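The values are calculated or read from the model by the stated rules, or taken from the named source; none is laboratory data. Every value quoted in this text rests on a predicted model; they were computed, and no experiment measured them. Here the Cβ positions follow ideal geometry from the backbone for every residue, glycine too, while neighbour counts run over all protein chains shown. Accessible surface is based on the protein model in full, side chains and every heavy atom, while ligands, DNA and RNA are left aside. Shrake-Rupley method; radii C 1.70, N 1.55, O 1.52, S 1.80 Å.
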Amino acid sequence: MTDYEFTLKFSLPDAGANPDDHVEALAEAGCTDALVGIGQAGRIALAFTRRAKSAFEAVSSALRHVRKAIPDAVLVEASPDFVGLTDVAEIAGFTRQNMRKLMLGNGATFPAALHEGKPALWHLATVLTWLKERQGRAVDAVLLEIAKANMTVNIAKEARQLPGATLPRNLERLFA
Amino acid sequence: MARRPHPKPDVEAALRYAEFEGWRIEPGGSHAWGKMYCPYNDDECRCGEFCIACIWSTPKNAGNHARHLRRVVDHCTTHRKHTSTEP
């Protein structure tokens, strides 16, 4: 069993609900391994340290528990996943300049950004995998595993918006 | 200090740290022991959802809970002191 750290953010369609009721329901559903944030109206965030056999098991059980407590909560994002260069540098222990140099100097192999704006965004798992496999850098295995699990959850969440899309059952179960 | 202490020493230490950084602690709740409120909870604040963080009476792991509480406070003060350098 491993402790996985990740944060799940949800939007709450029922703006009239009392956040305190949600918090009590989350405790009943087994989410006292998360710090719950209710600082923004219509949102709730849970920063988990969850012990599980795998990162995917940690995130999927957390999603299940939140849905049990707040059935109409809609997942906004599982993090860490979407990252800018500054985030990656911080996580990998580089300065931002060094990270940028690594990226620019390895244009052929550096993972493509999922958004090339300001800031540009990547999936953390793709950059960590690149650092590990192409650069031979030491990468935290637990962090890489949770980044992959979050990427799976976030992509599955987006894919559900495609008309007629059918997700694999183990992913569809995360949302319904 | 008038506030009653949290039963878990790790959590109580984190709450004192938060108070030192200007956060307000308010007891209340059943499973929830109380809440802590960011002193900069306004449009400029970057803590987002964790501007109001819920403190459990009996967290699954008190050490982890205390660490998360401290992290929220540190994250907030970091953003307060440094403006983002992301272009």
Can you run down the residue pairs with Cβ atoms below 6 Å, 6 or more apart or on separate chains, where the first is in region A:82-98 and closer than 12 Å to A:L128 by Cα and free of Cβ contacts under 8 Å to residues at least 60 places away in the same chain and the partner is basic (K, R) and open to solvent by less than 60 Å² (accessible area, probe 1.4 Å)? A:A89/A:R96
Within the group A:L104, A:L63, A:L46, which residue is over 30 Å from A:M1 (Cβ atoms) and not acidic (D, E)? A:L104
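Conditions tested, residue by residue: (1) part of a helix (DSSP H, G or I); (2) touching a helix residue (DSSP H, G or I) at 6+ places or on another chain (Cβ under 7 Å); (3) within 14 Å of chain B (Cβ to nearest Cβ).
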site	(1), (2), (3)
A:T49	no, yes, yes
A:V59	yes, yes, no
A:A62	yes, no, yes
A:H65	yes, no, yes
A:K68	yes, no, no
A:D72	no, no, no
A:V76	no, no, yes
A:D87	yes, no, yes
A:E90	yes, no, yes
Residues to consider are A:F48, A:F56, A:F6; find the one that is open to solvent by 10 Å² or more (accessible area, probe 1.4 Å) and touching a residue at least 12 places away in the same chain (Cβ under 8 Å). A:F56
Which members of region A:100-121 meet the condition of being in contact with a Ser or Thr (Cβ under 9 Å, 6 or more places away or on another chain) and under 25 Å from A:A47 (Cβ atoms)? A:L114, A:P119
Show the residue pairs meeting these rules: Cβ distance below 8 Å; 6+ apart or different chains; first residue within region A:14-42 and without any contact (Cβ under 8 Å) to a residue 60 or more places away in the chain and open to solvent by 30 Å² or more (accessible area, probe 1.4 Å); second residue assigned to a loop (DSSP other than H, G, I, E, B) and charged (D, E, K, R). A:D14/A:D72
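Every residue, every condition in (1) closer than 26 Å to A:S54 by Cβ; (2) not aromatic (F, W, Y), yes or no:
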{"position": "A:I91", "(1), (2)": "yes, yes"}
{"position": "A:T109", "(1), (2)": "no, yes"}
{"position": "A:L121", "(1), (2)": "yes, yes"}
{"position": "A:W130", "(1), (2)": "yes, no"}
Can you tell me which residues in region B:8-36 are at pLDDT below 95 and either in a loop (DSSP other than H, G, I, E, B) or within 8 Å of chain A (Cβ to nearest Cβ) (or both)? B:E21, B:G22, B:W23, B:G28, B:G29, B:S30, B:H31, B:A32
Selection status of A:A108, over 24 Å from A:K9 (Cα atoms) and open to solvent by 60 Å² or more (accessible area, probe 1.4 Å): yes
Can you report the number of residues in region A:137-176 which are surrounded by 13 or more Cβ atoms within 10 Å (Cβ to Cβ), of a type in the set (G, A, S) and under 17 Å from A:R51 (Cα atoms)? 2
